[in-house]
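A single structure is presented below for examination.
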Amino acid sequence: MKRIQRVVRNVQPHWVGDGFPVRSLFSYGEEAAEVSPFLLLDYGGPYEFSPTDHQRGVGEHPHRGFETVTIVYEGSLEHHDSTGSHGTIGPGDVQWMTAGSGVVHAEFHSREFARTGGPFEMVQLWVNLPARQKMSPPGYQAITSSQIPRVDLPQGAGTVRVIAGEWPGTTGPARTVTPLCVFDLRLTAGHEWTAPAPEGHTTIVLVQHGRVTVNGQSLASGELAILGRSGTDVLIHCESEAMVLMLTGQPIDEPVVGHGPFVMNTREEIRQAIHDYQTGRMGRLSP
Ligand code: MN
């Protein structure tokens, strides 16, 4: 059984732009090795937005050296970027963006969601790239809800949406650079079962709604457990109906040097990233 290294609780929300009330449940600034290959997890919402004619969100900003994974549960987002790409991410959809050598983009509520308002819930996860892939060309995987397989757990314990990696017998649609899994679980009260987590892989469990005991540690809504690399099993006991995000990944044991939206291996690479952004070499958003 994997041991719990750390439990994250009582994180206060802050606003990213005027569109994203997020709790940063972990970030590479604190314990990069502990969460590797993941860098950051922002849990956005749940939040009720009033209708508006204004598109809330965050304007032009860059990324280099990693991937951003945006999972939308409620509400709808729109993005556009320096490669000319543009899209909408709705409930159940996932955007897997490889920033690689650099993307400049903007992330907003979709026009339609802004107009109607309503409940909003999302996660943005940052996944590190190994040094040899940090300057690879940027790219997107727009994964729609219908492309994500849903698997039933035994004995009616709930369902798993396999976004990335393999749940025994089912492979998720996201292409990943290093071995990792992203599972979106909907759980039924009263069940106990064992989730698969590979030996040597970091494992992280976020309880979004409900109360779940993870390897003996009880977690409430908005709480997260970081489990160690050794061992294989994660014992889940669902105390109430619950929604859970589970991540596993092979650590990338390389230096992590970050500055805001740039995550590289050395200070010199960070200086270069800032210079490249400021001189327009990561591109610009077309007006
Ligand atoms: Mn961004």
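I need every pair where a residue in region 105-131 that is basic (Lys, Arg) has its Cβ under 7 Å from the Cβ of a residue that is more than 14 Å from the ligand (Cβ to nearest atom) and open to solvent by 30 Å² or more (accessible area, probe 1.4 Å), sequence separation at least 6 or different chains.
Note: pairs meeting the criteria are ARG111/GLN55; ARG115/PRO51.
Also: Would you kindly identify the strands (runs of 3 or more DSSP E) lying entirely within region 182-287 that contain at least 3 residues that are surrounded by 18 or more Cβ atoms within 10 Å (Cβ to Cβ)?
202-209, 223-227, 233-238, 242-249, 262-264
Please enumerate the residues belonging to region 162-173 that are open to solvent by 10 Å² or more (accessible area, probe 1.4 Å) and assigned to a strand (DSSP E or B).
GLU166, TRP167, THR170, THR171
Does PRO91 satisfy the criteria of being under 23 Å from LEU41 (Cβ atoms), over 17 Å from the mean Cα position of the chain (by Cα) and of a type outside the set (Gly, Ala, Ser)?
No; evaluated as a whole, the condition is false for this residue.
In region 245-257, how many residues are among the charged types (D, E, K, R) and free of Cβ contacts under 8 Å to residues at least 60 places away in the same chain?
Of the residues in region 245-257, 0 are among the charged types (D, E, K, R) and free of Cβ contacts under 8 Å to residues at least 60 places away in the same chain.
Of the numbered conditions (1) out of contact with any Ser or Thr (no Cβ under 9 Å at 6 or more places or on another chain); (2) within 16 Å of the ligand (Cβ to nearest atom); (3) open to solvent by 20 Å² or more (accessible area, probe 1.4 Å), ARG132 satisfies every one except a single condition; which is it?
With (1) out of contact with any Ser or Thr (no Cβ under 9 Å at 6 or more places or on another chain); (2) within 16 Å of the ligand (Cβ to nearest atom); (3) open to solvent by 20 Å² or more (accessible area, probe 1.4 Å) applied to ARG132, the lone miss is (2).
Please go through (1) open to solvent by 40 Å² or more (accessible area, probe 1.4 Å); (2) touching a residue at least 24 places away in the same chain (Cβ under 8 Å); (3) under 23 Å from ARG115 (Cβ atoms); (4) touching a strand residue (DSSP E or B) at 6+ places or on another chain (Cβ under 8 Å) for GLY45 and return the number of the only condition it doesn't satisfy.
(1)
Write out, first by first residue and then by second, each pair whose Cβ atoms fall under 6 Å of each other, whose residues are 6+ apart or on separate chains, and whose first residue, in region 258-287, is without any contact (Cβ under 8 Å) to a residue 40 or more places away in the chain while the second is open to solvent by 20 Å² or more (accessible area, probe 1.4 Å).
From region 258-287, the pairs are THR266/VAL257; ARG267/VAL257; ILE270/VAL257; ILE270/HIS259.
The values are calculated or read from the model by the stated rules, or taken from the named source; none is laboratory data. Being a predicted model, the structure only gives us computed values, none of them experimental. Positions of Cβ are generated from backbone atoms using ideal geometry, with glycine treated the same way; all protein chains shown enter the neighbour counts. Please note that ligands, DNA and RNA were not included when accessible areas were found on the heavy atoms of the full protein model with its side chains. Shrake-Rupley method; radii C 1.70, N 1.55, O 1.52, S 1.80 Å.
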